[in-house]
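The values are calculated or read from the model by the stated rules, or taken from the named source; none is laboratory data. In this text, all values refer to a predicted model and were calculated from it rather than measured experimentally. We place every Cβ from the backbone using ideal geometry, glycine too, and count neighbours over all the protein chains shown. Ligands, DNA and RNA are excluded from the accessible area calculation, which covers all protein heavy atoms including side chains. Shrake-Rupley method; radii C 1.70, N 1.55, O 1.52, S 1.80 Å.
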Amino acid sequence: MSLLLQPVSFASAKATALHPVILIPGAGGNQLEARLTTKYRSGNIICQLSALSKRGSWFRLWFDPTVLLAPLTRCFAERMKLTYLAAVDDFRNAPGVDTRVPNFGSTQSLLYLDPHLNTEYMASLVSALEAVGYIDGLNLFGAPYDFRYGLAPSGHPSMVGNQYLSELRALIESSAAANDGRPVILVAHSLGGLFALHLLDRSPLSWRRQFVKHLVTLSTPWAGTVQEMLTFASGLIVRLEQRSAESNLWLLPARRLFGEMPLVFANNKSYSAKDMAEFLKDIGFEEGIYPYETRIRPMVDRTVEPEGVPVTCIVGLGVDTPEALFYGSKGFDEKPEMMYGDGDGTVNIESLLALEKEWSEAGRKHLKIIKLRGISHSAILKITAAVNKIIEELGLINSS
């Protein structure tokens, strides 16, 4: 990979030292470990037998290539599944499954989806940051999280999500303190951008101005994606697990942006973002309607616009992205035909550029949009031109 190792902007920035950077991954870029307790039960004999060898010990849950082996895919889905408990108005792990996120504070768990398979995630970006003077644990940090969970609006508990925001806030403060009080630059990919923006929105203006210099987001779906409806509707073995994730509900297309545009066609009906409750009912996921209506919609129906922190959105465009799904006579149990539009292959262009449309005139004065043609959702972290652009922007932010 050929990189600009010493951009001019970084050379000038070093006179006053670098602002610390915290990397916040997207959903799939996190790692998750699990431990099975005596409360774990499975109706599948293979899963029950495999649990005997794992019980009491921590093991890799995500990403583990064994999930691609058919007999073990069901075990993975069972152990990843969340449950919404109405009694506590919150999501919880499956009974008998403890989970943890390794290496919080470090970038080490962000380099590869699976280090044994060399499946790269942020390795190229971290390498480029190191080339311009960043050092893991000194002025470069990672903030992974349990990507199955999301956040909740005021008045609703969110045990895991709120704990993450608390840990992220503490990491920001300690990173600044360790670097002579210089405020941090948050660099967030995909879903990580939503967590970062909500952290800013839920923190006092004085705190934001003291501790956060800039937010740089990469491929963030500000208003969800049409592809997420495919995640909910299709697939068999892992469909229930995917539906159970609170964060997946968060990523469904938001009505404030997608409105009444038909996104899914099935069984002589069409579904827009305004028909999400009916869509969830018709795919057989009625239990998802209540948490969606009470916990998700109050967050996604409003535009989050925290003042005091400049935001730069770097997005890929010009890649075919699902814009509408057409299911045939077998309904949601078969793979749909797709109509494609513009985006990064995962997130639709409308969602990628939502802040540009929705923010106030005052907010847009502190908003910068950088469009990279032909760069996909995950390639933005790997392709030389994209990584160089990220480094260039960080240099400009450091020197400003």
Task: Length added when fully stretched, E392-T83, from 0.36 nm per residue minus Cα-Cα - done: 107.0 nm
- [ ] Under 1.5 on a/c is rounded, so check that first for region 339-400, then, if it is not, pick prolate when a/b is larger than b/c and oblate when it is not; a ≥ b ≥ c are the square roots of the alpha carbon gyration tensor eigenvalues.
- [x] oblate
Open item on the list: Please compute the volume of the convex hull spanned by the alpha-carbon atoms of the chain and report it per residue in Å³.
Closed with: 139
Task: For region 114-124, Karplus couplings with θ = phi - 60° (6.51, -1.76, 1.60), whole Hz, Gly/Pro x - done: 9, x, 6, 9, 6, 7, 5, 10, 9, 4, 5
TODO: Order F211, F195, most accessible first, counting only protein heavy atoms with a 1.4 angstrom probe.
DONE: F211, F195
Task: Shape call, region 42-187: gyration tensor on alpha carbons, a/c limit 1.5 - done: oblate
Open item on the list: Can you give me the solvent accessible area of T83 with a 1.4 Å probe, rounded to the nearest 10 Å²?
Closed with: 50
Task: In order through region 166-175: 3J(HN,Hα) via Karplus (6.51 cos²θ - 1.76 cosθ + 1.60), integer Hz, x for Gly, Pro - done: 5, 5, 5, 4, 5, 5, 4, 5, 5, 5
- [ ] First compute the accessible area of the chain with a 1.4 Å probe, then give the percent of it belonging to carbon and sulfur atoms.
- [x] 54
Open item on the list: Can you tell me the convex hull volume per residue for region 268-400, based on C-alpha atoms, in Å³ to the nearest whole number?
Closed with: 143
- [ ] Determine the calculated [θ] at 222 nm for the chain from helices alone, applying -39500 (n - 2.57) to every DSSP H run no shorter than 4 residues and normalising by the residue count; nearest 500 deg cm²/dmol.
- [x] -9000 deg cm²/dmol
- [ ] For region 305-363, just say rounded, prolate or oblate: build the C-alpha gyration tensor, square-root its eigenvalues into a ≥ b ≥ c, call rounded for a/c under 1.5, and beyond that prolate if a/b exceeds b/c, oblate if not.
- [x] prolate
- [ ] Give, in nm to one decimal, the length gained when the segment between L52 and R169 is fully stretched (0.36 nm per residue of separation minus the Cα-Cα distance).
- [x] 38.3 nm
TODO: Take A177, project a point 7 Å from its Cα along the Cβ direction, then tell me which residues of region 196-215 have their backbone nitrogen under 12 Å from it.
DONE: none
Task: Förster radius 51 Å - calculated FRET efficiency between I289 and E130, Cβ distance, rounded to 0.05 - done: 0.65
TODO: Starting from the amide H of G374, placed 1.01 Å from N in the peptide plane, find each other amide H under 5 Å away whose residue is 5 or more places distant or on another chain.
DONE: L317, G318, V319
Task: Diffusion constant of region 94-150 at 25 °C, which comes from Stokes-Einstein with the Kirkwood Cα-pair radius and 0.890 mPa s, µm²/s - done: 193
TODO: Kindly write out, for region 323-336 in residue order, the coupling ³J(HN,Hα) from the Karplus curve 6.51 cos²θ - 1.76 cosθ + 1.60 (θ = phi - 60°), rounded to whole Hz, with x marking Gly and Pro.
DONE: 10, 7, 10, 10, 9, x, 5, 8, x, 6, 8, 10, 6, x
TODO: Calculate, for region 21-399, the solvent-accessible area per residue in square angstrom, rolling a 1.4 angstrom probe over the heavy atoms of the protein chains.
DONE: 39
- [ ] Quote the relative contact order of the chain in percent (integer), defining contacts as alpha-carbon pairs under 8 Å separated by 6+ residues.
- [x] 19
Open item on the list: Output needed for region 41-93: three equivalent-ellipsoid semi-axes, defined as square roots of 5 times the C-alpha gyration tensor eigenvalues, in descending order, whole Å.
Closed with: 22, 13, 12
Task: Cα gyration tensor of region 225-292 - equivalent ellipsoid semi-axes, whole Å, descending - done: 17, 14, 11
TODO: Please list the non-local residues whose amide H lies under 5 Å from the amide H of D90, H modeled 1.01 Å from N, same-chain partners needing a gap of 5 or more.
DONE: L85
Task: Hydrodynamic radius by Kirkwood, which averages 1/r over all alpha carbon pairs of region 61-121, in angstrom - done: 13.7
Task: Partnerless Cys - the chain, beta-carbon criterion under 4.7 Å - done: C313
- [ ] For K357, list the aspartates and glutamates whose Cα falls under 15 Å from its own Cα; do not include residues on the same chain fewer than 8 positions away.
- [x] D301, E305
Task: Cross-link pairs beyond the 32 Å C-alpha cut-off, checked among K274/K330; K274/K368; K81/K330; K81/K371; K81/K382 - done: K81/K371
Open item on the list: Give me the one-decimal Kirkwood hydrodynamic radius in Å for region 87-127, with the sum taken over alpha-carbon pairs.
Closed with: 12.7
- [ ] Report Rg/Rh for region 160-273, rounded to two decimals, where Rg is the Cα radius of gyration and Rh the Kirkwood radius.
- [x] 1.10
